[in-house]
Amino acid sequence: MTRSYLPGILAMAATVLASNILVQFLFGQWLTWGAFTYPIAFLVTDLMNRLYGAQAARKVVLAGFVTGVICSLIGTQVILQGDGYSYPAVTLRVAIASGAAFLAAQLMDVAIFDKLRGGAWWRAPLASTLVGSSLDTAIFFSVAFSGAFTFLEPGNDVSWANETLPLLGMGPIVPLWVSLGLADWLVKLSLALLALVPFRMIVSKAVAARSLA
């Protein structure tokens, strides 16, 4: 059965790797391209949970976490050049925030999905992804950029992320990182709804294949 987990493990690792690369490239003012690939991780987790159970889903989550840690370790050693200054591609705070957010959110997703698996086909993947995505966004952006977590890496200047601006350019005045987090969260929610389509198709196809085996 472990061999059956391999596609899920590879898909999760590829998603995490791609997201770690694409997060370096901006998409508009509030997002990066990684915002559009990272939510696929929730789809992979939910598919494994539905087809093979919670234990299999947790193994896939662990594979994604290990991949993320490796990417972060490499990123801390990559030095980028700015306008007269240099900086690491991944700071310690971002690495901690990324790992903590991924692990907490994905395990929450697994637990909620498992609890709701007996209901309507869409309820477990939708509810688990919505809650998991919200937790992921809250942990990552607060730990990575909020002034409250400066103690994690005192030498990392995140004053730029705490500059106050209108929320998404048109709302109340908030720190920049709040707008970044909200934009990311809205993308996750939208993709959670869209992900129901491939989820339904893949599960139906897998169930049909099993019945013929």
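Here, each number is a calculation from the coordinates, and none is a lab measurement. Computed from a prediction, not measured in an experiment: that's the story for all the values here. Cβ coordinates were reconstructed from backbone atoms using ideal geometry, including for glycine residues, and neighbour counts include every protein chain displayed.
Divide by every residue of the chain the summed helix terms, -39500 (n - 2.57) for each DSSP H run of at least 4, and state the resulting mean residue ellipticity at 222 nm, rounded to the nearest 500 deg cm²/dmol. Present the calculation step by step, with values, prior to reporting the outcome.
Details: 8 runs with 142 residues, N = 213.
Rounded to the nearest 500, it is -22500 deg cm²/dmol.
Given the options 158, 124, 190, identify the residue whose Cα lies farthest towards the positive end of the charge dipole of segment 2-212 (+1 on Cβ of Lys, Arg; -1 on Cβ of Asp, Glu).
Positive-end residue among those listed: 124.
Want the number for residue 69 to residue 100: 0.36 nm per residue separation, take away the alpha-carbon distance, what's left?
Details: separation 31, 0.36 × 31 = 11.16 nm, distance 1.03 nm.
Full-extension gain reported as 10.1 nm.
Want the number for residue 206 to residue 153: 0.36 nm per residue separation, take away the alpha-carbon distance, what's left? Intermediate values should be presented prior to the final figure.
Numbers: separation 53, 0.36 × 53 = 19.08 nm, distance 4.62 nm.
The residue 206-residue 153 span can extend by a further 14.5 nm.
Would you mind putting 166-175, 203-212, 8-17 in packing order, based on average other-beta-carbon counts within 10 Å, highest first?
On the way: 166-175: 12.1, 203-212: 10.2, 8-17: 20.3.
Top of the packing list down: 8-17, 166-175, 203-212.
Angle between the Cα long axis of helix 54-77 and the longest principal axis of the chain, 0 to 90 degrees, nearest 10?
Compared with the principal axis, the helix lies near 30 degrees.
What does the extension gain come out to for residue 33 and residue 115, with contour length at 0.36 nm per residue minus their alpha carbon separation? If you can, show how the numbers build up before the last one.
Details: separation 82, 0.36 × 82 = 29.52 nm, distance 3.23 nm.
Full-extension gain reported as 26.3 nm.
If you place +1 on the Cβ of every Lys and Arg, -1 on the Cβ of every Asp and Glu, and leave all else neutral, what size is the dipole of segment 1-121 about its Cα centre, to the nearest 20 Debye? Don't skip to the answer; put the middle values down first.
Values: 7 positive and 4 negative charges, 81 e Å.
Magnitude of the dipole: close to 380 debye.
Which ³J(HN,Hα) values, rounded to whole Hz and listed in residue order, are derived for segment 183-188 from phi using the Karplus coefficients 6.51, -1.76 and 1.60 in 6.51 cos²θ - 1.76 cosθ + 1.60 with θ = phi - 60°, glycine and proline given as x?
So the Karplus estimates, Gly and Pro as x, are 4, 4, 5, 5, 5, 4 Hz.
Given that just one value was derived from the coordinates, which of (1) 1.33; (2) 1.16; (3) 1.08 is Cα Rg over 2.2 N^0.38 Å?
Structure-derived value, by its label: (3).
Students often forget the sequence filter, so: which aspartates and glutamates lie under 15 Å Cα-Cα from residue 59 once same-chain residues fewer than 8 apart are removed?
Within reach: 46, 109, 114.
Hey, what did segment 2-212 get for relative contact order, percent, Cα under 8 Å, at least 6 apart? Intermediate results must be reported in sequence, preceding the final value.
Values: 287 pairs, mean separation 42.0, N = 211.
About 20 percent, as a whole number.
If you place +1 on the Cβ of every Lys and Arg, -1 on the Cβ of every Asp and Glu, and leave all else neutral, what size is the dipole of segment 2-212 about its Cα centre, to the nearest 20 Debye? Before the final figure, lay out each step's value.
Values: 12 positive and 9 negative charges, 237 e Å.
Once rounded to the nearest 20, the dipole reads 1140 debye.
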